[in-house]
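Below: one structure, written as C-alpha cells.
The values are calculated or read from the model by the stated rules, or taken from the named source; none is laboratory data. This structure is a prediction, so every number in the text was calculated from the model and none was measured. Because the Cβ atoms are built from the backbone with ideal geometry, glycine has one as well, and the counts that use them run over all protein chains shown. Each accessible area value is taken on the protein alone, full model and side chains, heavy atoms only, with ligands, DNA and RNA left out. Shrake-Rupley method; radii C 1.70, N 1.55, O 1.52, S 1.80 Å.
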Amino acid sequence: IMEKYVNDPVINFGLRMLRTIFISIVVAVAVSFIIGTPLKTIIFLALMIPLRQYAGGFHLRSRAGCAVLSILILVGVSLVIKYVAIPGMIQVIMMICGSATIIAFSPVDNPSNRLDKDTKTVFKRKAMLILGVESLAFMVLYLLKLTSYSQLVAISATLTALLLLSGMLSDLVDEERG
C-alpha cells in the first residue's frame with residue numbers, strides 16, 4: 001500500500017521484503033500449529049534464520065518462489081520434528097558434517113546479492129559466532145539427553161549446509177551457462 005506513496009526504490013524494496021517476511025512468519029506459525037509443533041518449529045526457526053542469513057547459500061530468483069520453497073521446507077522439517085526421533089549419534093554426525101561444511105564454505109552469496117570481500121569477512125565472522133553458540137547449545141542439550149531439542153540444532157546446521165552446497169552448485173551451473 002505504501003509503495004504507491006513512496007518514490008524511493010530502496011524503501012519500496014524494503015517494504016516488499018518486510019511484507020514477504022511478515023507473510024512468511026504468519027504462514028510458518030500457522031503451519032506449526034496445524035502440524036502440532038509450534039514451540040519446536042519456532043525454536044528451529046530461531047536457530048535457522050540467523051545462521052542462514054550470514055552463511056548464505058541457495059536462493060531462488062523470485063520472492064514468491066522463495067516463499068513457496070521455504071514453506072515446503074518448513075512443512076518437511078515440522079513433520080520430521082513431529083514424527084522422527086533422530087538417534088543421538090546420527091545427530092552428532094549431522095552436526096559435525098553440517099558445521100564442517102558451514103566453516104569451510106560460508107558465506108555463499110548469490111547472483112542477486114554478490115558480497116564484496118569486506119562483507120564476506122563480516123558475514124563469515126557472524127556465521128562462525130552463531131554456529132559456535134548453536135554448537136554449544138547442541139552439546140548441552142545432547143549431554144542433558146534432551147535429544148528432541150538437540151535434533152533441532154542438528155537439523156538447522158544440516159539444512160544450512162545443504163543450502164550452502166546447493167548455492168555453490170547453482171553458481172557453478174550458472175557459470176557454465178555463461
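Residue pairs, Cβ under 8 Å, 6 or more apart or interchain, first in segment 27-41 and on the phi > 0 side of the Ramachandran plot, second open to solvent by 50 Å² or more (accessible area, probe 1.4 Å) and assigned to a helix (DSSP H, G or I). List them.
Correct list of pairs: GLY36/LYS82.
How many of the residues in segment 10-52 are open to solvent by 70 Å² or more (accessible area, probe 1.4 Å) and over 23 Å from LYS124 (Cβ atoms)?
Count: 14.
Within segment 38-77, count every residue that is touching a Phe, Trp or Tyr at 6+ places or on another chain (Cβ under 8 Å) and of a type in the set (Ser, Thr, Tyr).
The total comes to 1.
Quick one: in segment 53-76, of everything that is surrounded by fewer than 16 Cβ atoms within 10 Å (Cβ to Cβ) and part of a loop (DSSP other than H, G, I, E, B), which residue is nearest to the chain's Cα centre (by Cα)?
So the residue we want is LEU60.
Helices (runs of 4 or more DSSP H) wholly in segment 77-178 with at least 2 residues that are open to solvent by less than 70 Å² (accessible area, probe 1.4 Å) and in contact with a Pro (Cβ under 6 Å, 6 or more places away or on another chain) - which ones?
The qualifying helices (runs of 4 or more DSSP H) are 117-143.
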